[in-house]
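All of the numbers you see were taken from the coordinates with simple rules; none came from a lab. Because the structure is predicted, anything quoted here is derived from the model rather than measured. Cβ atoms come from the backbone with ideal geometry, glycine included; neighbour counts cover every protein chain shown.
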Amino acid sequence: MFADVEILSNNTYKFSKFTYSIPKSLRHKIKIGSIVRVKFRNNTKNAIVVNIHNESPSIKIIKPVEKITSQLNSSQLLFLKHIASANYLNIGMMLFNLYQDNNFKLDSEIDISENLIYNNNEIYSNLENNERNIIFTPSLKSAKTLYDNMIINNIQIDLYQKTGGNEEIANVIENQSKFKNTILLSNNYLKIVPSKNTTYHFFDTNDIGFNLPKLNSMNIVEVASLKQHYFGGRYYFYNEYPSLNIFNKANHYIKPDLANVDIYHGNGITECIELLKTKYELSTNILTHDQSSEDYLNEFNIIKNKQEDYDISVLINPRIVYKNNLNSERLIYLIKKINEVNFKKKKLIILSTQNIDLNTALEAKNITKLTIEELKERKKWGPNLHHKVYKLFSDTKISIENSNLVLGPRVKEDVFEYEININLRNNINYNEIITSFRKLQTYEPRKVTSI
């Protein structure tokens, strides 16, 4: 018998599996999901078994599995398969990154299951009703701002993270049972072992700070949602509007205040900019949000960083509906830009080549209707929490054999477009997914978040 394993490492090894023989003494003990010790490149490494079979590999020397150190249960294995497949990674890399700081102490099931979504400003009332809370924020700056607002709202915070130092978080982990309310940087969530007597709050979940660049922008909010799905626990998420790539409900939408929003409509962008010039001098400091806007508005003084002082913020043709469907990511972006100018008491100018009625478009009744339709589309086609889509492009047709996961090609302007379509809701064919990742890695598949 043989075991295909993935090395526990900060490296996918190009999605390769490594084959070891199974000694007779371990044949009735070893299973898929066993954590084992193996000799790997002159070192002894931890590895996870992902397949067991009788096919002898075509290599001269086959090293044996040395020993079994632990065994994943079904929920632990499914969770790791899911989060790896959803982020173009493998289980070996997930174990290494998610659990090494806990000495590989894995998640266990909690007999409480609560997954609720709130508006950002509802966090203060929620903390008053819970005994122990850990609040995760996307940045140290947001941790300080939230701490200051807690004080204003007469809520005691026992500790908030002031630096990214290891000693500070080690102190929190060691003494977390002593703290009632703690504010931590979001990447430290992966170091906390969830317990049933703690509520986990994720504040401002649409902030890019929840993405981990070194792990293909794996989103900590998505990891938390999946942990709650597989193991239970009490999780509260806060945002302006939920990303429907992660969540399957949106019942807390609040229409943003449009008092500081002006819309300039023209038959083309040039005409819109001419209207802008009649209202603002060329010396105006304009905050732009993409390269295209910078190019169009280069006669003005361009400000690229929202932390710097500016006179007006400008968006060009923002669209929350695409092909008659709500695009929740675009809606979130627009709400954020509106809230930013309201907080700073500035103006947001929208240059639009369509005569839009933003007041009606952002009414709760309209957003609710569009949300229902987007959720239907995502449930059917993805992407969502349990159904992931990757896109890849090639100048030539790709030879794809015996794969139920790869769709295409769609040919446009001599470019071949393919999709890796992965439904992770039921039986996850992990080895097939990893095989597809390995075969297609040279094309650099890109994860899709919008419909």
In the chain, with Lys and Arg counted as +1 and Asp and Glu as -1 at Cβ, which of these residues, Asn115, His252, Asn342, has the Cα nearest the positive end of the dipole, that is, farthest along it?
Asn115
Share of alpha-carbon pairs per 5 Å distance bin for the range 386-447, given as whole %:
4, 17, 32, 26, 13, 6, 2, 0
If unit charges are put on Cβ atoms (+1 for Lys and Arg, -1 for Asp and Glu) and the dipole of the range 295-451 is taken about its Cα centre, the option from Tyr430, Tyr390, Ile302 lying farthest towards the positive end turns out to be Tyr430
Going by a ≥ b ≥ c, the root eigenvalues of the Cα gyration tensor, does the range 107-168 fall in the rounded group (a/c under 1.5), the prolate group (a/b larger than b/c) or the oblate group?
oblate
Can you tell me what percent of all Cα-Cα pairs in the chain are more than 36 Å apart?
39 percent
List every residue whose amide H lies under 5 Å from the amide H of Val321, counting only residues 5 or more places away in sequence or on a different chain, with H placed 1.01 Å from N in the peptide plane.
Asn327
Return the equivalent ellipsoid semi-axes of the range 1-156 as a descending list in whole Å, where each equals the square root of 5 times an eigenvalue of the C-alpha gyration tensor.
43, 16, 13
Degrees, to the nearest 10: 269-279 long Cα axis against longest axis of the chain
50 degrees
Report the Cα centroid-to-centroid distance between the range 34-76 and the range 422-449 in angstrom, as an integer.
22 Å
Beyond a 29 Å Cα-Cα separation, which of these cross-linked pairs lie in this structure: Lys29/Lys63; Lys14/Lys227; Lys141/Lys365; Lys412/Lys447?
Lys141/Lys365
What are the equivalent ellipsoid semi-axes of the range 1-75, built from the alpha-carbon gyration tensor (square roots of five times its eigenvalues), in whole angstrom, biggest first?
16, 16, 12
Under the definition of Cα pairs under 8 Å and six or more residues apart, what whole-number percent is the relative contact order of the chain?
13 percent
What dipole magnitude, in Debye to the nearest 20, does the chain give about its Cα centre under +1 on Lys/Arg Cβ and -1 on Asp/Glu Cβ?
2040 debye
Taking a ≥ b ≥ c as the square roots of the eigenvalues of the Cα gyration tensor of the range 127-231, is the shape rounded (a/c under 1.5), prolate (a/b larger than b/c) or oblate?
rounded
Got a sec? How would His82, His252 order by Cβ neighbour count within 10 Å, fewest to most?
His252, His82
The chain: calculated mean residue ellipticity at 222 nm from DSSP helix runs of at least 4, using -39500 (n - 2.57)
-8500 deg cm²/dmol
If you wrap a convex hull around the alpha carbons of the range 35-103, what volume per residue comes out, as a whole number of Å³?
128 Å³
The range 372-401-the range 261-331 distance, computed between alpha-carbon centres (Å):
31 Å
Only counting other Cβ atoms within 10 Å, I'd like Asp111, Asp4, Asp207 sorted with the fewest neighbours first.
Asp111, Asp207, Asp4
Which whole-angstrom value gives the distance between the alpha carbon centres of the range 201-231 and the range 110-165?
16 Å
